[in-house]
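Data block below; observations after.
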Amino acid sequence: MRAVVTGGAGFIGSHLCERLIHENHDVVCVDNFVTSDPGNVEHLTDDPHFQLMHRDITRGLDVPGPVDALFHLASPASPADYLRLPLATLRVGSAGTWHALDLAAAKGARFLLTSTSESYGDPLVHPQPESYWGNVNPVGPRSVYDEAKRFGEALTMAYRRCRGVDAKVVRIFNTFGPRMRADDGRAIPTFISQALRRVPITVTGDGSQTRSLCYVDDVVDGLLRMLASDHGGPVNLGNPHEVSMLELAQWIGKLARTTSEIALIPRPQDDPERRRPDITKARELLDWEPTTPVEQGLCDTITYFRRQLVSGDFAEGWDRPLSSSPIPQARS
Ligand code: NAD
């Protein structure tokens, strides 16, 4: 198979490229590095089956030669990133998705959109099945991401219905693992980097809000299974293991053997209260469920961040405390 991965240099994309290369496929990784670093795929660049294209897909997407599969991951994904890049997020979710679907249509390629649990907004149904239509504030600050993804889902389904593209949608719930950026604002890299720096671990609100955390290898496995299936989705991919943010901060503190205390800071606007995927569909249609215990995933991620710290590769300002400013930091 020759696969195009948009956003392939990002956190999940780089693991997907690695897995595809490992399974002897040819990979074209397309990225503009707006929220990532080419270093994430540096170890693949000498492989003759791997090609890296530096492109902004909102300007068009042309890949010479045959394409069998297109994994569309390009989009800022962490709240800190999409709140910093609201228009770029809307553009890549709309025009970028359009270009990616046009390429899939022109090449007769299978297409997979990585949508998000944020399509459910601040959900009023718990856990969230795919049949739930969501509770999104269409004009709030987070809408630039949520609505861009919902538009991408609608576009993908329209191409499936009207243009005969074998196009599919998965909704990914919070995913974590090595190669997340220490400064991307998501809870796990924030808590780990604070724990390793021995500065206060900042939990928003009273920490009772929950998330369900899935290790990246499991999500990549789900993406490959979805691509190979005949189903259009949407299908939830996530780990039903639900944990409160306060519990998560305490858990990471313990695993990182830190002396950091936990500090409560104000909660950002429209932050979802609870989130847990109903993965009945993924189990039945894809024979998929997460297999990596969350604690093992957290230990691997802490080890990754510790190595970055030792090698000096960590985000700039590693030696300075993370902001303890009263401005609420958006978390995913
Ligand atoms: P990431 O920010 O690490 O990766 C996204 C990649 O897309 C980056 O490499 C970025 O440079 C690239 N990109 C953005 N705009 C682009 C453009 N216009 N042209 C080319 N490349 C562009 O994020 P991630 O966590 O790896 O997320 C990957 C995908 O999975 C995203 O679509 C995201 O919405 C989705 N997702 C992720 C999670 C999660 O928990 N990580 C949850 C739900 C959905």
field: Sequence ranges 209-219, 151-161, ranked by mean other-Cβ count within 10 angstrom, highest first
entry: 209-219, 151-161
- prompt: In degrees from 0 to 90, rounded to the nearest 10, what is the angle of the helix 11-22 Cα long axis to the longest principal axis of the chain?
  reply: 50
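For region 44-181, what relative contact order do you get, as a whole percent, if you take Cα pairs closer than 8 Å and at least 6 residues apart? Each step should come with its number before you reach the end.
Numbers: 188 pairs, mean separation 37.4, N = 138.
Across region 44-181, relative contact order equals 27 percent.
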- request: At 1.4 Å probe size, with every protein chain present, just tell me what the per residue accessible area of region 51-154 comes to in Å².
  value: 41
For Pro86, net neighbour charge (Lys/Arg +1, Asp/Glu -1) across residues whose Cβ lies under 15 Å away: -1
- prompt: Who wins for biggest fluctuation among Pro268, Pro48, Pro86 in a Gaussian network model of the chain, springs between alpha carbons below 10 Å?
  reply: Pro48
message: Charges at C-beta only: +1 for Lys and Arg, -1 for Asp and Glu. How large is the resulting dipole of the chain about its Cα centre, in Debye rounded to 20?
response: 460
field: All lysines inside 20 Å of Lys107 as judged from Cα atoms, apart from same-chain residues fewer than 8 positions distant
entry: Lys168
field: Helix axis angle, 245-255 relative to the chain longest principal axis, alpha carbon, degrees
entry: 80
- request: Give the Cα extents of region 114-215 along the principal axes, in whole Å, largest first.
  value: 55, 29, 24
- request: For His241, enumerate residues with amide H under 5 Å from its amide H, sequence gap 5+ or separate chain, H modeled in the peptide plane.
  value: Leu213
task: On each of the three principal axes of the Cα atoms of the chain, give max minus min coordinate, whole Å, ordered largest first.
output: 55, 46, 37
query: Working out 0.36 nm times the residue gap between Asn135 and Phe151, then minus their Cα-Cα distance, what length gain in nm do you get to one decimal?
result: 4.3 nm
query: Where does each of 190-197, 62-69 land if you order them by average Cβ count within 10 Å, highest first?
result: 190-197, 62-69
message: To test your reading of the geometry: what angle, between 0 and 90 degrees and rounded to tens, separates the Cα axis of helix 97-107 from the longest principal axis of the chain?
response: 40
- line: Within the under-11-Å Cβ sphere about Ala69, not counting Ala69, Lys/Arg +1 and Asp/Glu -1 give a net charge of +1
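D for region 41-141, whole µm²/s, Stokes-Einstein with Kirkwood Rh over alpha-carbon pairs at 4 °C and 1.567 mPa s: what number? Numbers along the way, then the final one.
Working: Rh = 15.9 Å.
Estimated via Stokes-Einstein, D reaches 82 µm²/s.
Which order do Tyr304, Tyr145 take by accessible area at a 1.4 Å probe, largest first? Don't jump to the answer; show the numbers that get you there.
Details: Tyr304 50, Tyr145 20 Å².
Per-residue accessible area, sorted high to low, gives Tyr304, Tyr145.
Taking the Cβ of Tyr159 as the center, what net charge do the other residues with Cβ under 12 Å away carry, scoring Lys and Arg +1 and Asp and Glu -1?
Details: positive: Arg110, Arg160, Arg161, Arg163, Lys168; negative: Asp102, Glu153, Asp166.
Taking every other residue near Tyr159 into account, the sum is +2.
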- prompt: Tell me, what is the percent relative contact order of region 206-313, built from C-alpha pairs under 8 Å that lie six or more residues apart?
  reply: 41
- line: Length gained if Asp102 through Asp230 is fully extended, taking 0.36 nm per residue and subtracting the Cα-Cα distance, is 44.1 nm
message: I need the phi-derived Karplus couplings for region 158-169: 6.51 cos²θ - 1.76 cosθ + 1.60, θ = phi - 60°, integer Hz, Gly and Pro marked x.
response: 5, 5, 5, 6, 9, 10, x, 6, 6, 10, 9, 10
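So for region 252-311, what are the equivalent ellipsoid semi-axes in whole Å, largest first, each being the square root of 5 times an eigenvalue of the Cα gyration tensor? All intermediate terms of the calculation are to be shown ahead of the outcome.
On the way: eigenvalues 170, 94, 21 Å².
Semi-axes, largest first: 29, 22, 10 Å.
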query: What nm value, rounded to one decimal, do you get for the distance between His22 and Arg163 when each label is placed 7 Å out toward the C-beta?
result: 3.2
message: Within region 163-254, what whole-number % of the accessible surface is contributed by carbon and sulfur, with the 1.4 Å probe and all protein chains included in the calculation?
response: 47
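Report in % the part of the accessible area of region 1-60 that belongs to carbon and sulfur, leaving out ligands and nucleic acids; probe 1.4 Å. Mind showing how you got there, number by number?
Numbers: 1170 of 2720 Å².
Carbon with sulfur: 43 percent of the solvent-accessible area.
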field: the chain - mean residue ellipticity at 222 nm from DSSP helices (-39,500 (n - 2.57) per run, n ≥ 4, rounded to 500)
entry: -10500 deg cm²/dmol
- prompt: For labels at Asp206 and Val125 in the simple 7 Å Cα→Cβ model, what's the distance in nm?
  reply: 2.8
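The values are calculated or read from the model by the stated rules, or taken from the named source; none is laboratory data. Please read these numbers as outputs of a predicted model, since none were measured by experiment. Positions of Cβ are generated from backbone atoms using ideal geometry, with glycine treated the same way; all protein chains shown enter the neighbour counts. All accessible areas refer to the heavy atoms of the entire protein, side chains included, with ligands and DNA or RNA removed. Shrake-Rupley method; radii C 1.70, N 1.55, O 1.52, S 1.80 Å.
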